[in-house]
Structures are given as structure tokens and as C-alpha cells.
1. Just the residues that are more than 16 Å from the ligand (Cβ to nearest atom), at pLDDT below 90 and either small (Gly, Ala, Ser) or under 29 Å from Leu207 (Cβ atoms) (or both), please, taken from region 136-166.
2. From Glu15, Glu19, Glu55, grab the single residue that is free of Cβ contacts under 8 Å to residues at least 12 places away in the same chain and in a helix (DSSP H, G or I).
3. When region 348-360 is examined, which residues are found to be under 30 Å from Asp425 (Cβ atoms) and surrounded by 15 or more Cβ atoms within 10 Å (Cβ to Cβ)?
4. Count, please, the residues in region 333-359 that happen to be aliphatic (A, V, I, L, M), within 12 Å of the ligand (Cβ to nearest atom) and part of a helix (DSSP H, G or I).
5. Can you work out which of the residues in region 389-426 that are under 20 Å from Leu226 (Cα atoms) and hydroxyl-bearing (Ser, Thr, Tyr) is surrounded by the most Cβ atoms within 10 Å (Cβ to Cβ)?
6. Given the criterion within 23 Å of the chain's Cα centre (by Cα) and either within 30 Å of Thr437 (Cα to Cα) or surrounded by fewer than 15 Cβ atoms within 10 Å (Cβ to Cβ) (or both), identify the matching residue among Gly345, Gly368, Gly324, Gly338.
7. Can you name the condition, by its number, that Phe329 falls short on among (1) touching an Asp or Glu at 6+ places or on another chain (Cβ under 7 Å); (2) more than 11 Å from the ligand (Cβ to nearest atom)?
8. Across region 261-275, which residue is nearest to the ligand (Cβ to nearest atom) among those that are surrounded by fewer than 21 Cβ atoms within 10 Å (Cβ to Cβ) and at negative phi?
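The values are calculated or read from the model by the stated rules, or taken from the named source; none is laboratory data. Small disclaimer: the values here were computed from a predicted structure and weren't measured. So basically every Cβ, Gly included, is an ideal-geometry build from the backbone, and we count neighbours across all protein chains shown.
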Amino acid sequence: MAKLHLITYGCQMNEYDSERVAGLLRERQYELTDDESAADVILLNTCAIREKAEEKVFSKLGELKRLKAHRPALVIGVMGCMAPLQQQTIFRRAPQVDLVFGSAAIARVGDLVERARREGGPVLETGEAPLVKITAKPPTADRLKAFVTVMEGCEKHCTFCVVPRTRGRERSHTPEAILAEIAGLVGEGCREVTLLGQTVNAYGRDLTPPTDLAELLARVNDVAGLARIRFTTSNPYNLTPKLIAAMRDVPKVCEWFHLPLQSGSDRVLARMNRGYTRAQYLDLVAALREAEPAMAFSTDVIVGFPGETEADFEATVEMVERVGYDNVFVFRYSRRPGTPAAAMGDQVADDVKADRNRRLLEVAQRVGAARSAALTGRRLEVLVDGVSRRSAGELAGRTRCNRVVNFDGHGRVAVGDTVHVRITDALPHSLRGTLATPEEAVCWSK
Ligand code: SAM
């Protein structure tokens, strides 16, 4: 078998795509290797969301140039979000690259790689293509928990974001294709799925007949053998009362909601073209907590967006405290070529962005730790997914609210089981607990 080395940058959607690529190439007799020096083909699945992510790829390509100098037959490919945006720059800055292709061409990866090997490159494929559900995956893929892409693209046109240009317009997979994929995964031992989309809560409106995420969740809930459903990423703009009701009513949907805020200042939100105000966002949080009091929230926040003043930043800090997020992903604004925000005149200095980044992370850590501490004494449902990293004699798993829990299974519990654990300690990055007795084994949240 030929050897494939895959390097994945960026979000869960890229992780999902990489698995599909590994699966499709396996059908062409390529097996995965961790050793890049042994590979016949090296593919970099890239992220374009921030400049830093792109620079990481160019720096890796620099390293691979030396490898290629020793082994000219090696095929180097760049796929994913950088492909449509940076196609010419990639070939100019990294002439050692043989193949560049966008996400839409993944279904044809086998032919593209063969062409690059035959012709010695450069092969370029960044056009649009029909949406195809690919279910191929390598034997090494996680069997217990799986990502499932339910839609591609984004049409929100936030002024900071390149995604509409990297992944195209919104296109949903049919419920039938998604359910068939999930049924197949469950047949192989999967117990938890995370449905993926750039704006996953806009799912289905492009289908004929149209449908929505709430209806999809209800149908996925009916897949026998599946224990849990998560979904990400939602946009507050598309968050409907119907979806909020589904969070309450669909039993397998977990009490965890990733709801990007981006900024707590109305002025900045308007300049970002986010389509909601802080008051509307807070109303959504309140409605979700009313539907499901145990709801845990995580979010994305950008600091240093053009024109962000100290008062705007303070409004964001205040929102983080007020919502009480379990987890906050803080990003320094990165000027992306071709986006409206990149052309805004009042760019924020790097040292100011760095300072706000540090200050917001401190607040987020304190708020998250308080949420975690409030779980001590509770009995929580845990899906066991492996051995504890802290102690090989213990098991690890996640709560429905997405916290890691380490506990002693006393030889009675296996990976893949769903058990109840009484939380005894909240540590900085995880919880500790003891296995609940059968009488105690009442699920706290649902
Ligand atoms: N589609 C989702 C949304 O807009 O809510 C999130 C997609 S994006 C892959 C993940 C996060 O990256 C965004 O939520 C945002 O916080 C951050 N991001 C996007 N563009 C950025 C930029 N130009 N600079 C810094 N962070 C950015």
C-alpha cells in the first residue's frame, strides 16, 4: 500500500473532511502514516480564518520542501479553506506543492492525487461542485464519538470572515443521507454525534421541501443505540423558538450550546454585520436557560475588531460575566484580505489586541471555574470515552454539559458505557468524581 500523511489545521469540519479524505484514499490503496518522511503523499488540510493559521501552513510547506528535495516523487497537496483564496500565492511561495484543491473537490481526491503523481503537478481544482455525502473513513477513526457534517458553506457575510469565500453558499445534506450516515456509525459502535455546519442552525432551508435543525434533531434522536447529540456552530441570528423547544424536548440533545457572541457591544456587532444586539443575545440565553436550566454555554469572541474602544471591550467583558460561559474561545481580530473589515480605517494596534486578549481570558477562566465548581456534589451522566490522562487506573468521560470527568470505574465500567458519577472536585481542566451507586444513579439534567 502507498503511504499517506495528513496534517489537519483548524476546525472540526476540517477534521471531518480529513477523515473522509483518508477513507477515500484508502479505497485507492493508501494507508495513513504518522511519519511524514515515509509518505508518498502529504496533504495539508488548511484553515484560512486567521492570518496565523495560514502562516503555519506556509512554514510547514517550507519544511516539506527539504523532504521533497531528497524525494522528488513525493506528492505535496494543499486542500481546504486556503485553496480557493490563496491558490496562486501557494504555487508562487511554495513551488514544491503539486496539488491544490478546495473542499468541494474532496469527493474526487483519488483522481486528483493520481493526476498529480502521474503529471508531477501542478494540479489545481478550486471550483464549485455538487454536494456529495461521503461516508468513507479510515480504520483509525474514533468509533465512539463522531462528527457528521450536515451542511456546507455560509451566507452570513460577517464583515470579518472569509468563510463565505472559502466554503461557498449554504447547502444542506438531505435528512435521509445524514440519518443513513449516523445509522452506519452507530452500527460500528458510535454513541455520540456532533452535527456540524458553519451556521448549523440554518440547516435545511435550502432543501426541497425545506426543513430545519429542530426536525433533524428529532429524527436523529430516533436512531436506536445512539446516546447523545450535539451540534455546532450556531448563529444567534438563526436561533428560533422551535430550536429552543427542541433543546428541551429531544432527550438525546445535550445541555451544551456553542453560541458565538463575537462582541458585547452593539456598535461593534453592527459593524460586524452580526444581525443581533446584546439584548437579543441575552434574551436567547434566557430562553434557553428557561427551557433547560442546566444549559452550559460556550462562545467565540473577537477582541480588537476595527474601531473597538475600551468601552466596547468592557461591554464584552461584562457579557462574559453576565452569561456565565463554561468556555470562551477568544480570538484577536485578524485582517483577512477581501473582507469589509480589512478595509476599515480604524484598525486596533497589536499590543492593544494582545492586552484585551489576556484580560478577557482571565475573566473567562474565572467565570468558567465558578461554573465548574458549582457542579461539585451533583450526580452527572458521563459517557465513558477512555482512560484518564491523570491516572491510568481511572476512566475518563464527558458530561452532557461537555466537561471532562475522571473517576474510578472499580472494574465495573467499560469505555462506551453511560454511567452516573457524583462530582467530588472541580480542578482547573477537569472534574473528579466517584461512581454513583445504582440507587443514586438518577440523571441530574434530563
Ligand atoms: N460560523 C460561525 C459564526 O460566525 O458564528 C463560526 C465560524 S469560525 C470558523 C470560528 C470563529 O473564528 C468565529 O466564531 C470567530 O470568532 C473567529 N473568527 C472568524 N474570523 C476571524 C477574524 N478575521 N479574526 C479573528 N477571529 C475570527
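1. Lys137, Ala141, Asp142
2. Residue meeting the stated conditions: Glu55.
3. Within region 348-360, Asn357, Arg359, Leu360 meet the criteria.
4. The total comes to 2.
5. If we take residues in region 389-426 being under 20 Å from Leu226 (Cα atoms) and hydroxyl-bearing (Ser, Thr, Tyr), then Thr399 is surrounded by the most Cβ atoms within 10 Å (Cβ to Cβ).
6. After ruling out the rest, the residue left standing is Gly368.
7. (2) is the only condition that Phe329 fails.
8. Residue satisfying both the conditions and the ranking: Ala270.
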